[in-house]
Structures are given as C-alpha cells and as structure tokens.
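For reference, the structure discussed in these notes is given below.
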Amino acid sequence: GYGRFGVQYTDDGTNDSLDVTSRLRLQIDVSAESDAGVTFGARTRFQTAEGEGDTGMNGVRFFARTNGFEVGVGNIYGALENMPGMYDIDLGLTGLGYDYTAFNSRGDAYSSSGAGNSGDNGIEVIYSVGDFKAHVSASETSDRIAAVASYNYNGWTMAAAVQDSDNDVDTEWALSVSGNFGPAMVSLAYAANGDEDDVVNGVQGGDHIVLAARFDIGAATNIEAYVADADYFAETSYGIDFNHDMGGGTSLRGGVASLGDDTTRADLGVRFNF
Amino acid sequence: GYGRFGVQYTDDGTNDSLDVTSRLRLQIDVSAESDAGVTFGARTRFQTAEGEGDTGMNGVRFFARTNGFEVGVGNIYGALENMPGMYDIDLGLTGLGYDYTAFNSRGDAYSSSGAGNSGDNGIEVIYSVGDFKAHVSASETSDRIAAVASYNYNGWTMAAAVQDSDNDVDTEWALSVSGNFGPAMVSLAYAANGDEDDVVNGVQGGDHIVLAARFDIGAATNIEAYVADADYFAETSYGIDFNHDMGGGTSLRGGVASLGDDTTRADLGVRFNF
Amino acid sequence: GYGRFGVQYTDDGTNDSLDVTSRLRLQIDVSAESDAGVTFGARTRFQTAEGEGDTGMNGVRFFARTNGFEVGVGNIYGALENMPGMYDIDLGLTGLGYDYTAFNSRGDAYSSSGAGNSGDNGIEVIYSVGDFKAHVSASETSDRIAAVASYNYNGWTMAAAVQDSDNDVDTEWALSVSGNFGPAMVSLAYAANGDEDDVVNGVQGGDHIVLAARFDIGAATNIEAYVADADYFAETSYGIDFNHDMGGGTSLRGGVASLGDDTTRADLGVRFNF
C-alpha cells in the first residue's frame, strides 16, 4: 500500500480554502494456484482519507487467471477505467480533479472505498497475447457493457473502446494513443460521452479530448502537464505538476490545475510506498 | 482465510434470478502464552460478501485456554452452533440455505459480520478430555444457557444438547449421531425447537430432523446430500452437491437444494484458501 | 497490538451492573525512509470493544521525522494528551474512568475509533534534544493550539503546558512533575481547565489536581493508586489497582475507583500483547 499527506488549496471563484489532505491505502492481495496452473485470487483495500474514521474494507474483486486470460467478478476494474491513455499522468499529490481522464468516469470502475460493481453482477474478461490486449467488462449499472482493445507497437500504445449503456451520457466510444519521444511521454485521448444536448441527473453529455505529457528533468524529477476540453466544461482545463523521487519509495509531489468548472486546485506533499 | 466466488440461482416459485455470489474472509487469530502455560487469545474476522462495501471487523471472541479447558467471552461460538452433527456437511459453494442444520440457528452463534453475543455478556466454557467434550454457553439474548456433551466411540460421534431460554421457539434439546461406513459419512440429527403451535416474532416452533451423508467418489471428489423435515417447513427439504479438490487449496464446488419453504437454490463456483 | 478481557462492575448509587468488558486493538505502523534520512509514515488502528460489530479503521496519523524533529498531521497525538504526568498510571484493566488525567480530555487527542483531528486540519510538531522535549499541536476544534515543554533531570520529569482555545472550559495551562523514589514512582499534576463558573454544553470548568503513585511489590507485581480533586467533581476521586505480570506478554489486572461523580467502578481481567 501507500500513504500520502500534504496540503491542498481550492479556489472556486467565490471561496478559497487551504487544508490538510491525506490518504492511507492498505491493499491486500490474496491468491492460491490449482495443480492445473489456474490462479484464483482476490484484491481488497482498506483506505482512509483525511477526515474519515471507522472505515472498512471495500468491495472485493475476485479473479481466475491462466495463460494471459483472466476473468474477474465483483468490484471489477472496468474496461474504460483500465484503458491505456486514461491515466497516463497522475497530477500532483491527489489527482487534482482528474479532468485529464477522457472517459470522465462514465463507465464501470474499481471503487477503493465502496462496493463498486460488487452486488451488481460486475464481470470482466481480460486477454493478453504479445503486444495485444483486450478487456471486456459488464455490469447491471445501466446495463453497461464495454470493450477495449489495445496494441503496443514500437513503444506506442493505441487503444480503442466502445460501450453500450442505458445511460445517454455514458461513454459511447473512445480512442487513445500514447508513446515516448526520448525523455518525453505524450498521450492523446478522445471520448464520446453522449450528446451535448443530453442531461441525465444533472450530468451533461458531450465530447472530451485530452493532450497530456510527461518530461524527465534530471535523474529523479519529472514534470507532467495536460490540456483538456469537453463540451460540458465551462472553460478549457489545464494543469502542471512535478514529482521528485527522494529514494526509499518516498517522493515529493505537487501540482496546480485550472479545472473545466473554473475551479483552481493546487496541492503539495509526500507520498511513501510500503 | 479464504475466498469464494461463483454464481447462484434462486427460484421461489414466483421469481427466479441468477447472480454472482462471492465472499472474502480474512481471519485474524492472535494469542500469547503465560509462563504457567495458559494461552490468552482472540479471533476476529473481516468478511465481505457480494454487494458489500465499507465492511469492518466483527465482534471479537476472547479466550483463555489450558489443558483442554477453555473459557470464551464476547462473540462466542455457542454450544448448539458448535454441536457435532449440526454442520456435518457444507452444501455447495454457499451452504444453500442450511436447512440441514437441525437447531436452525435457534441458539447463540459466532457472527462473522456483526457483534454476535459481544455486548450481551456472552460466555462459554469448553472442556475436552480424551473422547469426551462438553460445551456450555450463555448470554443475555433471551437469557439463553445451552449445554452440549459429545462422545466419540470407534469413529462414531454422539452428542446431546439442552437449552433453557426465554424464547419459546428456541431449541429445547437436540440429539445427533454421525460416523463413517467405509467411504461414506452418515449423520442423523434431531432438535426440539419449541412447540409447533408457538410463533414468536413470526418464527414458528417445532421439531426438526436431518439425515445427511457424504460419499467419496474418487481421490479428489466427494458428494454430499441431505433430507430434512421440520414442523415449520411447508415441504420436505433436500439437496445434493459435489466438491472437487483442484489442489493448492483450491476447489470447485456446486450444489442444488429444494428448501422447506419451496424455494429452489443452486450454486457453482470456486473456493480458495490462503 | 493487544487484547484485554474481563469483568467490569459499575455502581452509580442507583443502579449497579456487572458485565463482560473487552477490547482488541490491531495497530498498524507503516513507514518508508528517504535517501536523505527522513522517515515518512502512518499509524492506524482497528479497535473493537465489547458489543461492537463492523468496526473500521480509525483516522490516520501521518508523520515526517528526522533527527529528533517530527511533524504529524491528521489524527494527531495532541500535546496535552501526550504530556508527561497525564497518564503516569493506567488504572485497572480499563482505566476506570481516567479521573487521574488532569487535563480531563480538554484538548486534542488521538482517537482510536473515530477520525480524531483528521479532517480538522490537525497538525503537530514534536522536537526532542537530549533531556528536553517540546510538543506543539493545533486544530480547528475550537481553534485549539497547545504547547508542552518537558525536561528530564536525574530521573525526574517536569512538564508545563499552555493552550489557547475558543472553548472556555478547555485546559488553559497545566504543570506536572513525576519521578522515582527507589521502588516507587510518584506523579503530581495540575491543570487549569477554565473557570469554575463556566459551563459549555453541560461541561463545567475548573481546576483539576492529581497525585498518583506506583509501587513495586515483588518481582512481577505492582500497585498503582491516585487521589484527585477538581472543581467539577462532586467529591474527591480515588482509586487503587494491581498489575501482575504472568510472563509471555500476559498480565492479570484489576482495580477499583470511587469517581468524582460518586460512581464506583471496579474491574478484573487479563491483558495480552501480540
């Protein structure tokens, strides 16, 4: 697991605040292997954020895996959440709003604190062979079924996704490409998240496009940045961060982002792995 | 602990459903031993079932143990729950309704998710000497006090129980006998769970009788089956399952049962120990 | 962590009760050290008391520490709670009301079950050099800021505290001195917890003074006792206990106290460390 703590600044144009932020994640991975070589296992997390007390185990993801083929049930990863290009950068200490994730959480995803798709007949199949990977996930949340295929070619990863859902503002399809130019990683992702005129429970549909990059600036430090726009943004979203490796699994991280809803967020702190 | 996952089918005559089922149990047993040879310890579980999120530790059972003598407090096992003959089989992946448990949960029992008899002045004494075992438990739930004595003779286990309780539909007394005929285990259990005319909070009293058996059919596979009847059943309950050991602590399990309330349940899945 | 269980007797003058008492504490300390020698870490607990089920992780305390200097955030220890002289004895199995803690919990403190000052911008700095130690803590609970300085001289520890708070019945200042006379430890503590005429949410202010002592009576047994008085007590509070080490991390403990609100409490039981 890991811990992280620091300070977070938020300014929504009306009010601003500077607060302590923290998270502790204890991840428990268990498994057993049958004589025929099939691995059966489960992942669960105990995760507590600043201000939380009496926090329990989240919903569990179970899996059976053999020869590059994996079936998962319960609190599944979700094909879109796991799609290459969606989390190519991890801004600042806390993610700073995640406007750089083109599918905008409009698909099934692993939940670190709740049940996720556990109890919702969440199921997924992941298949990898050489440079090719496919991921299909389904659940009874809006009867979603999503499929992602990705291919790695000479250090470039291309991915395409389609999703069928009863929710008009869920992601319909998405594309991404990412790869390296020397010391830089560049990522471009696009998602069609319903129609701009659709509004479901206060959530508006529309297209979402993200350009993100990471640059190494020295042996232990990198900088990440993104620009993103979406039909449901009031303005263009952008942000920049730095990550400095302090050794021993510890790092200093900080960033600032101007979000699509015109909020400014900044954070600074330490992350340590254990 | 262990994990298990698979599918479960239920048909209550009006509606049927086929759903993912799962459970992850992390069991924590801690203890310390005094210089005089008394072991003091505790057991607690973190257990999450399909659809649950934010699950905490259950009530804790504490014990002091020496020379075959054990005192437990808190979330106690319970004498009836722990009586030989009550869980001689474990049907399918999930238990499939447990109609084959003659005392029908009408006594104190360890709770894997709640407090159980913790906070209820639950206390129990267990004493073993040679082939003889006695178990007395008490709590303030209906002021229950239950005593079970069991004896093992040439591979046959005989057990007798009595319980005093303020609840008219709690178990009054019970008998069981179980043992092996070559590759088969056979178990017969009877419990007097109050009078057939008594109804307390919608729970009816009456007698409950169970005949259960297990047969090894090959080196790694067995089959379990039961027939049970009770005054509070609408019809005779019966079921059958199979358990196939896949090695490495993993097994494939499945079963089907026609329950006393006329519901049909079936399950199929994998269990793995870690 | 540790477990403890036994019985607790309470008599408030009107009603008396004798009940099972228990607690299980699983403490998780994690950390990582940077190349420059700074340790980053976190502490969290899973703690369940008699009668509790479904108990989660408490609020987390995070820290960065180097060369006797430590910064903590989240569910902080609190300067007053951590002040020498406040918990020089630990009466009986359960603490028996803690009337011998002069600051009377009128300052920030680590919470074993809730969020504590996590989410409340709790922050603290602890600095130790040789025999000197300083501890400053602050939070948004009544905008408390507390500072404690302590010095150890020839086996005697002297400590002084001041606190600024928006709550009139919070501790304003405190003093303590404790040390050893041969086989005995003696501790004297005083806290000014607001004015005697102030009442905030039913809590009255006033001075609180405690004299406590521990005597070794044999190789494995000691006795602790205290006398305490406070403006908000109906009568003088006093108590006595014994602790007998049974080896292997196990001990037998028991005590009796007549509290300031005229309640009598007694307990007896076992504690084991693991």
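When residues of segment A:149-165 are filtered for being in contact with a Phe, Trp or Tyr (Cβ under 7 Å, 6 or more places away or on another chain) and surrounded by fewer than 16 Cβ atoms within 10 Å (Cβ to Cβ), how many remain?
Number of matching residues: 1.
Among the candidates A:Ala146, A:Ala160, which residue alone is part of a strand (DSSP E or B), within 24 Å of A:Gly78 (Cα to Cα) and in contact with a Gly (Cβ under 9 Å, 6 or more places away or on another chain)? If you could, list the steps in order and put the result at the bottom.
On the way: A:Ala160 fails: in contact with a Gly (Cβ under 9 Å, 6 or more places away or on another chain).
Result: A:Ala146 is the single residue among A:Ala146, A:Ala160 that is part of a strand (DSSP E or B), within 24 Å of A:Gly78 (Cα to Cα) and in contact with a Gly (Cβ under 9 Å, 6 or more places away or on another chain).
Could you list, in sequence order, the residues of segment C:164-201 that are out of contact with any strand residue (DSSP E or B) (no Cβ under 7 Å at 6 or more places or on another chain) and of a type in the set (Val, Ile, Thr)?
Within segment C:164-201, C:Val199, C:Val200 meet the criteria.
Looking at the structure I just gave you, is C:Ala102 under 24 Å from C:Thr55 (Cα atoms) and either crowded, with 24+ Cβ neighbours inside 10 Å or within 14 Å of chain A (Cβ to nearest Cβ) (or both)? First the steps, then the outcome.
Details: under 24 Å from C:Thr55 (Cα atoms): no; either crowded, with 24+ Cβ neighbours inside 10 Å or within 14 Å of chain A (Cβ to nearest Cβ) (or both): yes.
Answer is no for this residue.
Could you tell me whether segment B:45-57 includes any residue that is at pLDDT 95 or above, open to solvent by less than 20 Å² (accessible area, probe 1.4 Å) and more than 23 Å from A:Ser118 (Cβ to Cβ)?
No, the conditions are met nowhere in segment B:45-57.
Test B:Leu93 against the criterion of being under 22 Å from A:Ala115 (Cα atoms), outside any strand (DSSP E or B) and more than 7 Å from every other protein chain (Cβ to nearest Cβ), and give yes or no.
Numbers: under 22 Å from A:Ala115 (Cα atoms): yes; outside any strand (DSSP E or B): yes; more than 7 Å from every other protein chain (Cβ to nearest Cβ): yes.
Answer is yes for this residue.
Taking the criterion of being in contact with a helix residue (DSSP H, G or I) (Cβ under 8 Å, 6 or more places away or on another chain) and open to solvent by 10 Å² or more (accessible area, probe 1.4 Å), would at least one residue in segment A:166-188 satisfy it? It would help to see each step written out before you state the result.
To start, the set of residues in segment A:166-188 that are in contact with a helix residue (DSSP H, G or I) (Cβ under 8 Å, 6 or more places away or on another chain) comprises A:166-167, A:170.
After this cut, where a residue has to be open to solvent by 10 Å² or more (accessible area, probe 1.4 Å) as well, the list is A:166-167.
Within segment A:166-188, one or more residues are in contact with a helix residue (DSSP H, G or I) (Cβ under 8 Å, 6 or more places away or on another chain) and open to solvent by 10 Å² or more (accessible area, probe 1.4 Å).
The conditions are (1) in contact with a His (Cβ under 8 Å, 6 or more places away or on another chain); (2) on the phi < 0 side of the Ramachandran plot, and C:Tyr100 fails exactly one of them. Which is it?
Tallying (1) in contact with a His (Cβ under 8 Å, 6 or more places away or on another chain); (2) on the phi < 0 side of the Ramachandran plot, C:Tyr100 fails exactly one: (1).
Please go through segment C:244-273 and pick out each residue that is buried (at least 18 other Cβ atoms within 10 Å of the Cβ), within 14 Å of chain B (Cβ to nearest Cβ) and more than 30 Å from C:Asn201 (Cβ to Cβ).
Once the filter is applied, which keeps residues that are buried (at least 18 other Cβ atoms within 10 Å of the Cβ), within 14 Å of chain B (Cβ to nearest Cβ) and more than 30 Å from C:Asn201 (Cβ to Cβ), segment C:244-273 yields C:Met246, C:Gly248, C:Thr250, C:Ser251, C:Leu252, C:Arg253, C:Leu268, C:Gly269, C:Val270, C:Arg271, C:Phe272.
Being under 10 Å from the mean Cα position of the chain (by Cα), closer than 25 Å to A:Phe215 by Cβ and of a type in the set (Asp, Glu) is true for just one of A:Asp90, A:Asp99. Which residue is that? Write out each step before concluding.
Values: A:Asp99 fails: under 10 Å from the mean Cα position of the chain (by Cα).
Criteria check complete, one pass: A:Asp90.
Which count do you get for residues in segment B:108-148 that are over 22 Å from B:Asp166 (Cα atoms), open to solvent by 20 Å² or more (accessible area, probe 1.4 Å) and away from chain C (no Cβ under 14 Å)?
8
Select from segment B:25-52 the residues that are within 23 Å of the chain's Cα centre (by Cα), of a type in the set (Val, Ile, Thr) and assigned to a loop (DSSP other than H, G, I, E, B) and list them in ascending order.
The answer is none; no residue qualifies.
Only one of (1) surrounded by 17 or more Cβ atoms within 10 Å (Cβ to Cβ); (2) without any contact (Cβ under 8 Å) to a residue 60 or more places away in the chain fails for C:Gly85. Which number is that?
(2)
What's the number of the only condition in (1) part of a strand (DSSP E or B); (2) modelled with pLDDT of 95 or more; (3) open to solvent by 70 Å² or more (accessible area, probe 1.4 Å) that C:Asp195 fails to meet?
(1)
Filter segment B:4-43 down to residues that are among the acidic types (Asp, Glu), open to solvent by 60 Å² or more (accessible area, probe 1.4 Å) and more than 7 Å from chain C (Cβ to nearest Cβ), then give me how many there are.
Pass one, segment B:4-43, residues among the acidic types (Asp, Glu): B:11-12, B:16, B:19, B:29, B:33, B:35.
This time we only want the ones that are open to solvent by 60 Å² or more (accessible area, probe 1.4 Å), so: B:12, B:16, B:29, B:33, B:35.
Checking the rest, the ones that are also more than 7 Å from chain C (Cβ to nearest Cβ) come to B:12, B:16, B:29.
Selection size over segment B:4-43: 3.
What are the residues in segment C:53-80 that are among the β-branched types (Val, Ile, Thr), assigned to a strand (DSSP E or B) and more than 14 Å from chain B (Cβ to nearest Cβ), if any?
Of all residues in segment C:53-80, those among the β-branched types (Val, Ile, Thr) come to C:55, C:60, C:66, C:71, C:73, C:76.
Next, only the ones that are assigned to a strand (DSSP E or B) stay: C:55, C:66, C:71, C:73.
Within segment C:53-80, C:Thr66, C:Val71, C:Val73 meet the criteria.
State yes or no: is A:Ala219 of a type outside the set (Ser, Thr, Tyr) and either within 14 Å of chain C (Cβ to nearest Cβ) or touching a residue at least 40 places away in the same chain (Cβ under 8 Å) (or both)?
Numbers: of a type outside the set (Ser, Thr, Tyr): yes; either within 14 Å of chain C (Cβ to nearest Cβ) or touching a residue at least 40 places away in the same chain (Cβ under 8 Å) (or both): yes.
Judged against the criteria, A:Ala219 is a match.
Residue-by-condition table, conditions (1) open to solvent by less than 60 Å² (accessible area, probe 1.4 Å); (2) free of Cβ contacts under 8 Å to residues at least 24 places away in the same chain; (3) charged (D, E, K, R):
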site: B:Val200; (1), (2), (3): yes, no, no
site: B:Gly206; (1), (2), (3): yes, no, no
site: B:Ala212; (1), (2), (3): yes, no, no
site: B:Glu224; (1), (2), (3): yes, no, yes
site: B:Val227; (1), (2), (3): no, yes, no
site: B:Ala230; (1), (2), (3): yes, no, no
site: B:Phe233; (1), (2), (3): yes, no, no
site: B:Ser237; (1), (2), (3): yes, no, no
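The values are calculated or read from the model by the stated rules, or taken from the named source; none is laboratory data. Model, not experiment: these values are computed from the prediction. We place every Cβ from the backbone using ideal geometry, glycine too, and count neighbours over all the protein chains shown. Please note that ligands, DNA and RNA were not included when accessible areas were found on the heavy atoms of the full protein model with its side chains. Shrake-Rupley method; radii C 1.70, N 1.55, O 1.52, S 1.80 Å.
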